[in-house]
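The values are calculated or read from the model by the stated rules, or taken from the named source; none is laboratory data. Predicted model only: the values in this text are computed from it and were never measured. Cβ: placed from backbone, ideal geometry, glycine included. Neighbour counts: every protein chain shown. The accessibility values were calculated without ligands, DNA or RNA, using every heavy atom of the protein model including side chains. Shrake-Rupley method; radii C 1.70, N 1.55, O 1.52, S 1.80 Å.
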Amino acid sequence: MATYLPVALAACSPQKTELPLTVSATDSEGYQSIGTLEQLTEKGKLLSKELAIGSVLVIQKPDNPQEVIAVNPSCPHAGCSVNWKADQNAFICPCHDSKFAADGQLLEGPAEEPLKRYEAKLEGKTILVKAG
């Protein structure tokens, strides 16, 4: 019976599970990968809630799809998450219809401030956002 004790204890012990990382580690310059240009082109936008700086919404620059723009998707008016509307080249807040340009600048209120922008770049086909 004593030989079964370690097996019984191991079976009853809580198991440690590791969650997969969805975002790569920060590089030496403080950038984090959030996806590829191919994914962005396919989806029209990329949203990551996994960065150290919080949520980031990335779009392709309307006049140059080889450049990217990264903003905090929280509307400064009431904190609702804005949506990218490519047909209008604008971020629209679904709560109160505040409208922001592709670069995050305020176009129409009730918000009184622009969306916060983050430094973003393409390295090859990988989209990197400054994480800090």
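Say we look at region 33-59 and pick out the residues that are free of Cβ contacts under 8 Å to residues at least 40 places away in the same chain and either in contact with a Gly (Cβ under 8 Å, 6 or more places away or on another chain) or hydrophobic (A, V, I, L, M, F, W, C) (or both); which of these is nearest to LEU115 (Cα to Cα)? Out of the qualifying residues, it is LEU57.
The set of residues from region 63-93 being at pLDDT below 90 and touching a strand residue (DSSP E or B) at 6+ places or on another chain (Cβ under 9 Å) comprises just one member, GLN66. From the list SER48, SER55, the lone residue that is part of a strand (DSSP E or B), surrounded by fewer than 18 Cβ atoms within 10 Å (Cβ to Cβ) and polar (S, T, N, Q) is SER55. Where strands (runs of 3 or more DSSP E) fall entirely within region 76-132, those with at least 3 residues that are of a type outside the set (S, T, N, Q) and either open to solvent by less than 30 Å² (accessible area, probe 1.4 Å) or more than 22 Å from GLU38 (Cβ to Cβ) (or both) are at 90-92, 99-101, 106-108, 126-130.
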